[in-house]
Amino acid sequence: MNILSIETSCDETGIAIISVTESDATYVTNVLSNELISQAELHAQYGGVFPSLAKQEHAKALTPLLRLALQHASMFTTKNFSDPLPTEKLETLLAREPELHTELLQLLSGIEKPPIDAVAVTHGPGLEPALWVGINCAKALSIVWNIPIVPINHMEGHMYAALATALSPREYHIPKHITPAVALLISGGHTEFVSFTTLGAYTVIGKTRDDAAGECFDKCARLLGLSYPGGPEIARLAREAREEQLPQLYTLPRPMMTEHTCDLSFSGLKTAVLRLTQTLTQIDPLSETDKKIIAREIEDAIADVLVSKTKRALFETNAHTFIVSGGVSANTTIVNRLRTLIDTEFGYVQLLVSPRTLATDNALMIAFAAIPLALTGQFTQIADIQAHGNLAYS
Ligand code: KG4
Ligand code: ZN
């Protein structure tokens, strides 16, 4: 079966195409294409993601990405003559996406139907205007190519990014079954512990009460005068502080670290960084050395909290698999700290970390998450698919 997936929940536009077969225990996946356009640089001037700009950029990016994805998958065949499209239906569907409308219909009217059996699309959580662009594009493909749609939860996509084992850059194996598991999903919009014994049936056992870990990285980076997205910037400065063995001059709080719950909180850390930078800049602007020292302390504080809460989550659930995924799992210090915890205190636990290339948003993880549903024919009617900004697990 061939699946085309679309991701537009935040500031990355992604389209991937996979072909999948199954054995008793595994989904065997070949990546035929995996295309991504990041808007991060555009949003940097606003210090975060600006929803209407995100929507507009997704709409501009989707048609060229679709063309590329089909070309890379060797599924792009131009027609000798164009068939008429069901224009009326498509006009209504794409009325709110003028940037997408003309280009997409032009592309679709000029190519043969590719050998794609289903389209998967992120329907939440995320920015609703951004989600709608991807959803409407998926609906248009579904209508024109007469194929069904699988709506996917973005966070479940992150989870699948860690479940997939890369045998080569093009071949991934995904287990069908898993021992009782806990997933730590750490992204720009979410930070949560999810417990499950069966893929598809999830229970959130702890989550942030305010900011997500990635959001905390981004906000603290802004206070240090670093660009968006802040996580990689803070990680870079923290690494330099370690390499230069700079002294630890400041101590930041580890909010809720010792409380008897798997819930987390990061807004106090951001406020402490705000106070610290306000105090330090009363005399002089922040020096590069100060920025490095503070960046390392921010990274250490977030890592300490995540390690401590992971320990609690693993004890509480008695899980035998621990999954780490989401944009913040691109942070080497955090992942190494979690790995050390598992090695030293939970030797019986299997650790699955998403490959760095799939840690931040991408469409491949959405295709992976769609596999079990698509293979068992669990599709959703076009009219029932909507964007859900705060989508929870079903
Ligand atoms: O999963 P993701 O791409 O998007 C959401 O679903 O939110 O996560 C983006 C977040 C941003 O907050 C970004 O700063 C953070 O992941 N991030 C990092 C690193 N790379 C990305 N945080 C810490 N260290 C990194 N190396
Ligand atoms: Zn994400």
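The values are calculated or read from the model by the stated rules, or taken from the named source; none is laboratory data. All values reported here derive from a predicted model rather than from experimental measurement. A quick note on method: Cβ atoms are made from the backbone with ideal geometry, for glycine too, and the neighbour counts reach across all protein chains shown. SASA here: full protein model, heavy atoms, side chains in, ligands and nucleic acids out. Shrake-Rupley method; radii C 1.70, N 1.55, O 1.52, S 1.80 Å.
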For the chain, which span is the longest to avoid every loop-located (per DSSP) member of chymotrypsin sites (Phe, Trp or Tyr not before Pro) having at most 13 other Cβ atoms inside 10 Å?
-> 82-347
Ratio for the stretch 203-295, C-alpha Rg to 2.2 N^0.38 Å, reads 1.15
Ordering His101, His154 by how much accessible area each has at a 1.4 Å probe, largest first, what is the list?
-> His101, His154
Binned Cα-Cα distance frequencies in the stretch 233-374 - 5 Å width, integer % | 2, 9, 15, 17, 18, 15, 12, 6, 3, 2, 1, 0, 0
Output the pairs from Lys139/Lys309; Lys60/Lys219; Lys55/Lys219; Lys55/Lys207; Lys176/Lys207 with a Cα-Cα distance over 30 Å in this structure; if there are none, say none.
-> Lys139/Lys309
Once you sort the root eigenvalues of the Cα gyration tensor of the stretch 33-85 as a ≥ b ≥ c, which label holds: rounded (a/c under 1.5), prolate (a/b larger than b/c) or oblate (the other case)?
-> oblate
Hydrodynamic radius of the stretch 298-341 per Kirkwood, over alpha carbon pairs, in Å | 10.8 Å
Net charge, Leu184 excluded, C-beta distance under 10 Å - Lys, Arg +1, Asp, Glu -1 = 0
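Just the number please: accessible area per residue for the stretch 256-392, 1.4 Å probe, all protein chains included, in Å².
43 Å²
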Gly14: net charge of surrounding residues, Cβ under 9 Å, Lys/Arg +1, Asp/Glu -1, itself excluded?
-> -4
What's the longest bit of the chain with no exposed GluC sites (Glu not before Pro), using DSSP loop states and at most 15 other Cβ atoms within 10 Å as the test?
-> 260-394
Shape of the stretch 1-94, Cα gyration tensor, a/c cut at 1.5 | oblate
For the chain, what is the mean residue ellipticity at 222 nm derived from helices alone (per DSSP H run of n ≥ 4: -39500 (n - 2.57); sum divided by total residues; nearest 500 deg cm²/dmol)?
-> -14000 deg cm²/dmol
Shape call for the stretch 119-235, from the Cα gyration tensor axes a ≥ b ≥ c (a/c under 1.5 means rounded, otherwise prolate when a/b beats b/c, else oblate), comes out oblate
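Pull out the extension gain between Glu112 and Asp304, defined as 0.36 nm times the separation in residues minus the alpha carbon to alpha carbon distance; nm, one decimal.
63.8 nm
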By how many nm would the segment from Gln282 to Lys311 grow when fully extended, if each residue of separation counts as 0.36 nm and the alpha-carbon distance is taken off?
-> 6.5 nm
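If you roll a 1.4 Å probe over the stretch 272-342 with all protein chains in place, what percent of the accessible area is carbon or sulfur?
Accessible surface attributable to carbon and sulfur in the stretch 272-342 totals 50 percent.
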How big is the antiparallel share of DSSP beta bridges in the chain, given as a percent to the nearest 5?
-> 65 percent
The chain, Gaussian network, Cα under 10 Å: of Ile234, Ile382, Ile298, the residue fluctuating most is Ile382
Short version: what are the Cα gyration tensor semi-axes of the chain, square root of 5 times each eigenvalue, largest first, in whole Å?
-> 38, 25, 17
Would you work out what percent of the accessible area of the stretch 21-71, with all protein chains in place, is carbon or sulfur (probe 1.4 Å)?
-> 52 percent
